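Below is one structure; the comments refer to it alone.
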Amino acid sequence: MAKLLRVINREQCIGCYSCMYSCSRTWAKAITVEKSAIRIRNYAGVEGAFSVRPCVGCDIPDCASACPTAALTRRKFGGVQLDASKCINCGACVQACAFKALQWDTEKRLPLVCHHCGVCTQFCPRDVIAMVETPREA
C-alpha cells in the first residue's frame with residue numbers, strides 16, 4: 001500500500017520549521033526553508049496557530065493539469081513528479097493548486113515538488129506530520 005505525507009496533529013505544531021529545513025537540506029542541499037516542498041506558516045495572535053501545508057497527493061492533480069508543457073505529471077500512488085527540462089517557468093502549477101501546497105523556488109523558477117519521502121517526519125519533534133498508508137491505484 002502506498003504512503004503519502006499527511007498532517008495528523010496540526011495543533012501540536014510549534015513552528016520550529018524542522019520539517020522545512022530537513023526537506024531543503026535533503027532535496028536542495030541547502031540550509032534554508034525557502035527550498036522546502038512543505039510550508040509552515042504562523043498566524044499572529046495570542047493563541048498562536050500554525051498552518052501546515054504539505055502536498056496532499058491528489059488523484060487528479062490540479063497542478064499537473066494546469067501545466068502547459070506536461071512538466072508536471074502524476075506520480076504513481078499520488079503526488080506529482082517534475083521534468084525540469086520541460087518547465088517554462090510560468091508558475092501556472094502553483095496558482096492551480098487548490099490546497100496552496102505546491103511551493104515555488106524563486107531562485108530557479110521551478111515548482112518545489114514533494115517527493116513524499118518522509119524525511120520531514122523524521123525531524124518533526126511533535127509528530128505533527130506522518131507518512132500514512134493510503135489506498136491508491138498506480
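So how many residues does the stretch 99-118 have that are open to solvent by less than 20 Å² (accessible area, probe 1.4 Å) and farther than 26 Å from residue 88 by Cβ?
Total meeting the criteria: 1.
Looking at residue 63 and the list (1) within 11 Å of the chain's Cα centre (by Cα); (2) open to solvent by less than 20 Å² (accessible area, probe 1.4 Å), which single condition is not satisfied?
Against the list (1) within 11 Å of the chain's Cα centre (by Cα); (2) open to solvent by less than 20 Å² (accessible area, probe 1.4 Å), residue 63 comes up short only on (1).
For residue 57, state whether it is open to solvent by less than 80 Å² (accessible area, probe 1.4 Å), modelled with pLDDT under 95, in a loop (DSSP other than H, G, I, E, B) and more than 26 Å from residue 31 (Cα to Cα).
no
Please determine, by comparing only the residues of the stretch 68-93 that are in contact with a helix residue (DSSP H, G or I) (Cβ under 7 Å, 6 or more places away or on another chain) and not in a loop (DSSP other than H, G, I, E, B), which one is surrounded by the fewest Cβ atoms within 10 Å (Cβ to Cβ). Reasoning before the result, please.
Filtering the stretch 68-93 down to residues in contact with a helix residue (DSSP H, G or I) (Cβ under 7 Å, 6 or more places away or on another chain) leaves 68-74, 80, 92-93.
Then keep just the ones that are not in a loop (DSSP other than H, G, I, E, B); that gives 72-74, 80, 92-93.
Details: 72: 25, 73: 13, 74: 17, 80: 24, 92: 17, 93: 25.
So, considering only residues that are in contact with a helix residue (DSSP H, G or I) (Cβ under 7 Å, 6 or more places away or on another chain) and not in a loop (DSSP other than H, G, I, E, B), the one surrounded by the fewest Cβ atoms within 10 Å (Cβ to Cβ) is 73.
Being out of contact with any Leu (no Cβ under 8 Å at 6 or more places or on another chain) and over 22 Å from residue 16 (Cα atoms) narrows it down to one of 76, 100, so name that one.
Within the list 76, 100, the selection yields 76.
The values are calculated or read from the model by the stated rules, or taken from the named source; none is laboratory data. All values derive from a computational prediction rather than experimental measurement. For neighbour counting, all protein chains shown are included, and Cβ atoms are generated from backbone atoms with ideal geometry for every residue, glycine included. Note: areas computed on protein heavy atoms with side chains; ligands, DNA, RNA excluded. Shrake-Rupley method; radii C 1.70, N 1.55, O 1.52, S 1.80 Å.
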